[in-house]
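Everything below concerns the one structure shown next.
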Amino acid sequence: MSAQAVSIPKLYGRDFVALEDFTPDELKGLLDYAIVIKQEKRNRRPHAYLQGKSVAMYFEKPSNRTRVSFEVGIYDLGAHPIYLRKEEINLGVRESIADTARTLSRYVDGIMIRTFAHTDVEELARWASVPVINGLTDLHHPCQVMADLLTFQEKFGSFSGKKLAYMGDGNNMANSLMIGCAQVGMDVTIITPSGFEPPKDVVAKAEAIGAKTGAAVAITHDIEAGVKGAHAVYTDVWASMGQEAEADARRNKFMGFTVDSKVMGWADPNAIVLHCLPAHRGEEIAPDTLETHADTIFEQAENRLHAQKAVMVATMADEAR
Ligand code: CP
Ligand code: NVA
């Protein structure tokens, strides 16, 4: 696709809280635009669409990729990034979420937030008059999935007729992947140990979207059947941020749910391995499998930057009005 044919998606003022809030065309428009903005950075072409603006980033959990890719992305776009720690804002404790939202909206042009309860992000978005971007909650990680889909699109060119298999915990990644794959029309299978399936209401939402886009959504405990023919095999940590106390118990329950060369033998011969990172080698992924697929996995990490810049331009730039 030529860069000229792709224009800035017109999503001015919209929040980016969950992938189900967008139409398939809106998400595909963002992915196509992310490819353009990636090329612009590669070619060192100026793309300071947010010149003179400021974007706040609030973190209640640790981060490497989200923190750095947002800060660099905001800077690339000509805006000023403001990093806010829990100790400073203490969302919903020091003052109400509504008051934080309305105050920040008087200073900045967008708010990125990483926290625990998804409802906190929804409430922040409800009260903020500037776009709120979800940088991970216990329920969803939509920015990560935009980078994942971008990586898949770069490798395979299209989504229809393709399949992504996710192996591991039915967590925020599984949830956003189900919705994201269904939105772009790609089959998605979530393979978990018994008792770690994704929430039923999220599965139902993904199935309803898939019924319209032609994507099959499946949940299984059978690794071989689930991975069979997959074009991407995805995994994530067994214990998410906030579940550190459960890590040992989870290690026992997830035994055998390791993406390794045996598992990859069941996938499509050209299958890629995706991992949102951080990785726990020897748990959800075998060390040699990660290294064999490191180019893709770190391209996926890089794509956070480009996908999020596309989201910020589309929701905050004057050109997106
Ligand atoms: N994948 C991801 O969100 O990484 P961080 O937790 O390092 O931001
Ligand atoms: N499920 C993981 C994703 C990390 C990017 C977590 O929430 O910790």
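Worth a mention:
- Qualifying positions in region 258-282 - closer than 21 Å to Lys228 by Cα and within 13 Å of ligand 2 (Cβ to nearest atom): Leu274, His275
- Some residue of region 275-293 being under 26 Å from Gly157 (Cα atoms) and of a type in the set (D, E, K, R): yes
- Residues that are touching a helix residue (DSSP H, G or I) at 6+ places or on another chain (Cβ under 8 Å), buried (at least 23 other Cβ atoms within 10 Å of the Cβ) and not β-branched (Val, Ile, Thr) within region 289-321 comprise Gln300, Asn303, Arg304, His306, Ala307, Gln308, Lys309, Ala310, Met312, Ala314, listed in sequence order.
- Any pair with Cβ under 9 angstrom, 6 or more apart, that starts in region 194-221 at a residue that is within 16 Å of Asn175 (Cβ to Cβ) and ends at one that is assigned to a loop (DSSP other than H, G, I, E, B) and open to solvent by 40 Å² or more (accessible area, probe 1.4 Å): Glu197/His221; Pro199/Leu139; Val202/Leu139; Val203/Glu197; Glu207/Ala216; Gly210/Ala216; Ala215/Ser160; Ile219/Glu197
- All positions within region 280-303 that are closer than 30 Å to Asp248 by Cβ and part of a helix (DSSP H, G or I): Pro287, Asp288, Thr289, Leu290, Glu291, Thr292, Ala294, Ile297, Phe298, Gln300, Ala301
- Taken over region 106-115, the criterion of being part of a loop (DSSP other than H, G, I, E, B), in contact with a strand residue (DSSP E or B) (Cβ under 7 Å, 6 or more places away or on another chain) and either open to solvent by 20 Å² or more (accessible area, probe 1.4 Å) or closer than 12 Å to Glu60 by Cα (or both) is satisfied by Asp109 alone.
- Among the conditions (1) within 17 Å of Ile179 (Cβ to Cβ); (2) within 16 Å of ligand 2 (Cβ to nearest atom), the only one that Asp120 does not satisfy is (1).
- Residue under evaluation Val313, criteria (1) under 21 Å from the mean Cα position of the chain (by Cα); (2) within 16 Å of ligand 2 (Cβ to nearest atom), criterion not met: (2)
- Counting the residues of region 116-138 that are surrounded by fewer than 22 Cβ atoms within 10 Å (Cβ to Cβ) and within 16 Å of ligand 1 (Cβ to nearest atom) gives 3.
- Selection of region 102-117 for residues being among the small types (Gly, Ala, Ser) and within 16 Å of ligand 2 (Cβ to nearest atom) yields only Ala117.
- Test for Leu150: is it part of a helix (DSSP H, G or I) and of a type in the set (A, V, I, L, M, F, W, C): yes
- Test: residue in region 133-143 that is within 16 Å of ligand 2 (Cβ to nearest atom) and without any contact (Cβ under 8 Å) to a residue 60 or more places away in the chain: yes
The values are calculated or read from the model by the stated rules, or taken from the named source; none is laboratory data. Owing to the predicted nature of the structure, the values given are computational and were not obtained by experimental measurement. Please note: Cβ atoms are built from the backbone with ideal geometry, for glycine as well, and neighbour counts cover all protein chains shown. Note: areas computed on protein heavy atoms with side chains; ligands, DNA, RNA excluded. Shrake-Rupley method; radii C 1.70, N 1.55, O 1.52, S 1.80 Å.
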